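Encoded as structure tokens, the structure appears first; notes follow it.
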Amino acid sequence: MKKKKKLLSFWQIWNMSFGFLGIQFGFALQNANASRILQTFGADVHHLSWFWLVAPITGMIIQPIIGYMSDRTWNRFGRRRPYFLVGAVLTSAALILMPNAPHLAKVIAPMFVGGGLLMIMDASINISMEPFRALVADKLPEEQHTLGFSMQTLLIGIGAVVGSWLPYMLGNWFGVSKEAAGEGLVPPNVYWSFYIGAFVLISSILWTVLRTEEYPPEYYEEEEKDEKKTKFKIPKTMWQLLVVQFFSWFALFSMWVFTTPAVAQHFYNSTDPNSLGYQNAGDWVGILFGIYNGVSAIIALSLPKVATKIGRRATHASALTIGGISFISFAFIPTSELLIIPMLGIGIAWGSILAMPYAMLANSIPPKQMGIFMGIFNMSITIPQIVNGVFGGLILKYFFNDDPLKSIIMAGVLMLLGAGSTFFVKDKLDIKYHKEII
């Protein structure tokens, strides 16, 4: 007989998810600063999306492998926790090294060293990230899945806010210089942010490793016997979610790549990555990114309650609609300060993107194969980013007349398409079938 998992308390779910705060702290530093770091090293704006291809490609390769391996791992650290630790050490090292690429490059151009370190950082983050998704489904009963993924969203938001804002805070509140010592070098407020991020990441993951226990292999013996009777088959829900995810993550990739050059060009009148105006734009984009992540954290724990009233599909569709309208509104915002307004809506969409698809999917996956299926599902995130990375720069050059703001508007249209496609997803635990316990 299939064993029933026990309900966990708020703080137990908090502890098992806490490492995601550090992961997102490092990820936010990368998202908010990678474009300007690469441009500082000499990358052309049309080629930025090619550098950003590193993240989805490494994710598409690494996450299914790590998921498969973690499903079959067990040692004194557990099933998923060994991967948390390895990923944390490697990511922390990459965070320390990336802003120092000019000092490491003697033969190869600094931007290629930076691109290589970006690849190492993304691969390392993925080693930790995939098992965290699987851990929620491992530990929690079905009725707490939405709460578990929403808790991750809360901690992701907290980590991302601080990570995104840190260069601005160091430069404007603590007097750390915002000007580089020379052309092609990273300003002190940026590289100190990366050092702090490395410490936060490894500390938070250690918290989860030391305060969370996992079910031993014996717990899954019954599930394993049942699974041997059936073939490996991707659930229909996963296929249906692929369309929603494609539109959502194509839009997000555009935001991460093109927001800094768009804000610098339209609100700071600068296209020179080495100018003070461009650096100020980069700092402000960090603040804006922190705002949308902060909003996602605030709404995270309200998502399960909303889902019990209107269903998870309607909840996700509503959030994506708000996000799409917010992206399009960039075209009508007169000042950089007022960009805070659309970031509020994007934060609502981001909060749902981080929780609802996983909650809808988790209930349709065999428990013993949770890691590999979560790794495969990551392709719904990486493939749209790869497509954008290949064609985003070409679209900017040949269709948008080198105006990165139009790439942001395109993101809004795509997110609206994602909202519409959500209603084609079959969710067996939607409101008409099930009332979530939160």
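Listed by position, the helices (runs of 4 or more DSSP H) contained in segment 6-102 that have at least 1 residues being polar (S, T, N, Q), over 30 Å from residue 180 (Cβ atoms) and at pLDDT below 80 are 54-71. Taking each residue of segment 405-423 that is surrounded by fewer than 24 Cβ atoms within 10 Å (Cβ to Cβ) and looking for partners that are of a type in the set (D, E, K, R) and in a helix (DSSP H, G or I) with beta-carbon atoms closer than 9 Å, six or more apart or interchain, yields 423/313.
Residues in segment 255-276 that are more than 21 Å from the chain's Cα centre (by Cα), under 19 Å from residue 185 (Cβ atoms) and not charged (D, E, K, R): 6 in all. For segment 244-301, what are the residues that are among the charged types (D, E, K, R) and touching a Pro at 6+ places or on another chain (Cβ under 7 Å)? Of everything in segment 244-301, just one residue is among the charged types (D, E, K, R) and touching a Pro at 6+ places or on another chain (Cβ under 7 Å), namely 283.
Filter segment 380-406 down to residues that are of a type in the set (D, E, K, R) and assigned to a helix (DSSP H, G or I) and give me whichever is nearest to residue 357 (Cα to Cα). Here the residue is 406. If the condition is being among the aliphatic types (A, V, I, L, M) and either closer than 19 Å to residue 331 by Cα or crowded, with 23+ Cβ neighbours inside 10 Å (or both), then segment 387-404 contributes 395, 396.
For segment 183-205, a residue qualifies if it is of a type in the set (Gly, Ala, Ser) and crowded, with 18+ Cβ neighbours inside 10 Å, and the qualifying residues are 193, 197, 198, 204.
Residue 210 meets the conditions (1) in contact with a Gly (Cβ under 7 Å, 6 or more places away or on another chain); (2) assigned to a helix (DSSP H, G or I); (3) more than 19 Å from residue 96 (Cα to Cα); (4) not hydroxyl-bearing (Ser, Thr, Tyr) in every case but one. The failed one is (1).
The values are calculated or read from the model by the stated rules, or taken from the named source; none is laboratory data. What you are looking at is a predicted structure, and each value in this text was computed from that prediction instead of being measured. Positions of Cβ are generated from backbone atoms using ideal geometry, with glycine treated the same way; all protein chains shown enter the neighbour counts.
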